[in-house]
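Trainee: Take this structure, written in structure tokens, and hold onto it; I'll ask about it next.
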Amino acid sequence: MIKIKNIIFNDPLIIASGILPDIPRYIYEFCEKYKPSAITTKTVTLFPLEPHRAPTLIKISDGIFMNAIGLGNPGANVINEINVNCPLIVSIGGSSLDEILKVTQIVENKAQIIEINLSSPNRKGYGESLSTLVGEIVKNVKGTTKKPLFVKLGPWDNVIELAGKAIENGADGLTLINTIKGLLIDVESFKPILNYGTGGISGRCLYPIALRIIRDVYEEYGVDIIGVGGVYEWTDVIGMLAVGAKLVGLGSVIIEKGPEVIENIRNGLNNYLSEKGLKFEDIIGISVKR
Ligand SMILES: Cc1cc2nc3c(=O)[nH]c(=O)nc-3n(C[C@H](O)[C@H](O)[C@H](O)COP(=O)(O)O)c2cc1C
């Protein structure tokens, strides 16, 4: 049993933000059928945002993707139409503190956890663009919500420092990590392959980067962490827990292998735990000296 504040999760397997569309019926059915321990919504903004023009998602090779969907979403009000039996982590975004505060108010009742997306690299003025304001944003949002507040950060050199600012200002936890910004060129047109130009790289190549960052943040602050980045196998989940994650988000693996992979990963984890006589709580942070 894993606990964050007063919320209980059956196991660490949750869905990362942006992997399921913000369609209430779809989210309900996904939860019923595949039973993740929580679902993170795609990031919502105050008003609907159109995604960038296609192509917005490409597979670079097995296990590696690049996307620039650009936070396309139906707007925060859709969250209030979601009725779901698994805990809902609502990912919120905006292009200003004011917008983020308004979105917080809209989603407050439905969210078990609120996750502020300060890390998406795919739309100017949003996500990563606001990361240096993390202290001010967290302080203000914390003042208006009763829900546990997480901040999602990216694989940057200053991530430990930004994580510290989030915690100092009242964040209850961190979600680590978002995609890393990349670029690919089409050799016929000499233009970027993704219409937006750059995109966020996700998948297996992120895993060791995510592990290093989660370890460093956990070692420094001992805070609750939702680990995300390149998790494909049950062994990846164990590694992420060992460096301090309490929950583990599945992203690209769901796109590549389909939601049935949740059951495979879950079986692998349960076999491992029963062979070793361990519980998830025994593993969280076990590889980190604190
Ligand atoms: C198609 C796609 C859309 C995404 N949209 C969001 C989003 O709206 N908000 C967000 O915080 N992260 C978003 N992400 C990032 C994922 O939540 C996750 O942090 C990242 O993909 C790394 O995990 P993975 O390697 O398991 O995919 C998106 C990722 C993908 C592949």
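The values are calculated or read from the model by the stated rules, or taken from the named source; none is laboratory data. Note that the structure is predicted; figures quoted are calculated from it, not measured. Backbone-built Cβ (ideal geometry, glycine too); neighbour counts: all protein chains shown.
Trainee: Looking at segment 141-158, is at least one residue outside any loop (DSSP other than H, G, I, E, B), away from the ligand (no atom under 13 Å from the Cβ), over 18 Å from Ile4 (Cβ atoms) and not polar (S, T, N, Q)?
Mentor: no
Trainee: Taking Arg266 and the conditions (1) under 16 Å from Ile14 (Cβ atoms); (2) within 11 Å of the ligand (Cβ to nearest atom); (3) surrounded by fewer than 23 Cβ atoms within 10 Å (Cβ to Cβ), which numbered condition does it fall short on, given that it satisfies the others?
Mentor: (2)
Trainee: Any idea which of Glu188, Glu128 is modelled with pLDDT of 95 or more, part of a loop (DSSP other than H, G, I, E, B) and out of contact with any strand residue (DSSP E or B) (no Cβ under 6 Å at 6 or more places or on another chain)?
Mentor: Of Glu188, Glu128, the one residue that is modelled with pLDDT of 95 or more, part of a loop (DSSP other than H, G, I, E, B) and out of contact with any strand residue (DSSP E or B) (no Cβ under 6 Å at 6 or more places or on another chain) is Glu188.
Trainee: Restricted to segment 50-87, and to residues that are near the ligand (Cβ under 10 Å from one of its atoms) and either β-branched (Val, Ile, Thr) or assigned to a strand (DSSP E or B) (or both), which residue is nearest to Ile100 (Cα to Cα)?
Mentor: For segment 50-87, the residue satisfying everything is Asn73.
Trainee: Among the residues of segment 184-209, which ones are closer than 26 Å to Val134 by Cα, more than 8 Å from the ligand (Cβ to nearest atom) and either of a type in the set (A, V, I, L, M) or touching a helix residue (DSSP H, G or I) at 6+ places or on another chain (Cβ under 6 Å) (or both)?
Mentor: Ile201, Ile209
Trainee: Collect the residues in segment 1-26 that are more than 16 Å from the ligand (Cβ to nearest atom) and either modelled with pLDDT of 95 or more or closer than 18 Å to Leu176 by Cα (or both), keeping them in residue-number order.
Mentor: Within segment 1-26, Ile2, Lys3, Ile4, Lys5, Ile7, Ile8, Phe9, Asp11, Pro24, Arg25 meet the criteria.
Trainee: Something else now. Evaluate the following for Phe47: is it of a type in the set (Phe, Trp, Tyr) and either surrounded by fewer than 16 Cβ atoms within 10 Å (Cβ to Cβ) or out of contact with any Leu (no Cβ under 9 Å at 6 or more places or on another chain) (or both)?
Mentor: yes
Trainee: Follow-up. Which residue, of Ile214, Ile225, Ile286, Ile255, is among the hydrophobic types (A, V, I, L, M, F, W, C), touching a residue at least 24 places away in the same chain (Cβ under 8 Å), within 16 Å of the ligand (Cβ to nearest atom) and not in a helix (DSSP H, G or I)?
Mentor: That would be Ile225, the only listed residue that is among the hydrophobic types (A, V, I, L, M, F, W, C), touching a residue at least 24 places away in the same chain (Cβ under 8 Å), within 16 Å of the ligand (Cβ to nearest atom) and not in a helix (DSSP H, G or I).
Trainee: Just to check your reading of the model, which residue among Thr198, Thr235 is in contact with a Phe, Trp or Tyr (Cβ under 9 Å, 6 or more places away or on another chain) and hydroxyl-bearing (Ser, Thr, Tyr)?
Mentor: Within the list Thr198, Thr235, the selection yields Thr235.
Trainee: Another question, then. Kindly check whether there is at least one residue in segment 114-124 that is over 20 Å from Ile177 (Cβ atoms) and surrounded by fewer than 24 Cβ atoms within 10 Å (Cβ to Cβ).
Mentor: The answer is yes, given that some residue of segment 114-124 is over 20 Å from Ile177 (Cβ atoms) and surrounded by fewer than 24 Cβ atoms within 10 Å (Cβ to Cβ).
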